[in-house]
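> Please find one structure pasted underneath; my questions will follow.
The values are calculated or read from the model by the stated rules, or taken from the named source; none is laboratory data. All values reported here derive from a predicted model rather than from experimental measurement. Note that we place each Cβ from the backbone using ideal geometry, even for glycine, and neighbour counts take in every protein chain shown. Each accessible area value is taken on the protein alone, full model and side chains, heavy atoms only, with ligands, DNA and RNA left out. Shrake-Rupley method; radii C 1.70, N 1.55, O 1.52, S 1.80 Å.
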Amino acid sequence: MSNAKFIRPKDVEEIFSIKTSTLSKQRQGKYGLPYTVVGRKRNEQRGGVILYNVDEINDYLHRKGKPTLY
């Protein structure tokens with residue numbers, strides 16, 4: 001069982017100061033922070049809950065040379 005901590009886009013904005021609109025554009029453009037969608041039916045483009053893994057956010061920001069806050 002994994003101990004990964006997942007947070008929603010609004011929490012990413014509060015903790016890491018990355019706007020939810022930026023996160024949305026990154027998802028649509030298929031670049032940026034890695035994310036997971038929970039509750040979406042296979043082969044569907046809409047629905048589900050978008051979650052970001054805190055460890056993956058920290059790794060991504062570290063690779064980009066940005067300070068991490070969490």
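> What's the FRET efficiency of Arg63 with Arg42 using the Cβ-Cβ distance as r and R₀ = 25 Å, to the nearest 0.05?
Details: r = 30 Å, r/R0 = 1.21.
Approximately 0.25, to the nearest 0.05.
> If you roll a 1.4 Å probe over the chain with all protein chains in place, what percent of the accessible area is carbon or sulfur?
46 percent
> What does the net charge come to around Thr20 if you take all other residues with beta carbon closer than 12 Å to its beta carbon, with K and R at +1 and D and E at -1?
Working: positive: Arg8, Lys10, Lys19, Lys25, Arg27; negative: Asp11, Glu13, Glu14.
Surrounding charge for Thr20 is +2.
> Go through Tyr60, Tyr31 and list them by solvent-accessible area, largest first, probe radius 1.4 Å. If you can, show how the numbers build up before the last one.
Working: Tyr60 45, Tyr31 135 Å².
Reading off the accessible areas and sorting them downward yields Tyr31, Tyr60.
> Less than 13 Å Cβ to Cβ from Pro9, Lys/Arg counted +1 and Asp/Glu -1: what total charge do the surrounding residues give?
Values: positive: Arg8, Lys10, Lys19, Lys25, Arg27; negative: Asp11, Glu13, Glu14.
Overall, the nearby charge balance is +2.
> Which one of Leu61, Thr20, Asn43 is farthest out on the positive end of the charge dipole of the chain, using unit charges on Cβ (Lys, Arg +1; Asp, Glu -1) and the Cα centre as origin?
The Cα lying farthest towards the positive end belongs to Asn43.
> Can you work out the accessible area per residue across the chain, with the rest of the protein chains kept in place, probe 1.4 Å, in square angstrom? Walk me through the numbers before you get to the answer.
Details: 5520 Å² over 70 residues.
The answer is 79 Å² per residue.
> When the Karplus curve 6.51 cos²θ - 1.76 cosθ + 1.60 is applied with θ = phi - 60°, which whole-Hz ³J(HN,Hα) does each residue of region 33-46 get, with x for Gly and Pro?
Karplus-based 3J(HN,Hα) across region 33-46 equals 4, x, 9, 10, 10, 10, x, 9, 5, 4, 6, 9, 9, 10 Hz.
> So, one more: More than 19 angstrom separation, counting every C-alpha pair in the chain; what % is that?
32 percent
> Excluding residues fewer than 8 places away in the same chain, name every one of the lysines whose C-alpha is closer than 20 Å to that of Lys10.
The qualifying lysines are Lys19, Lys25, Lys30, Lys66.
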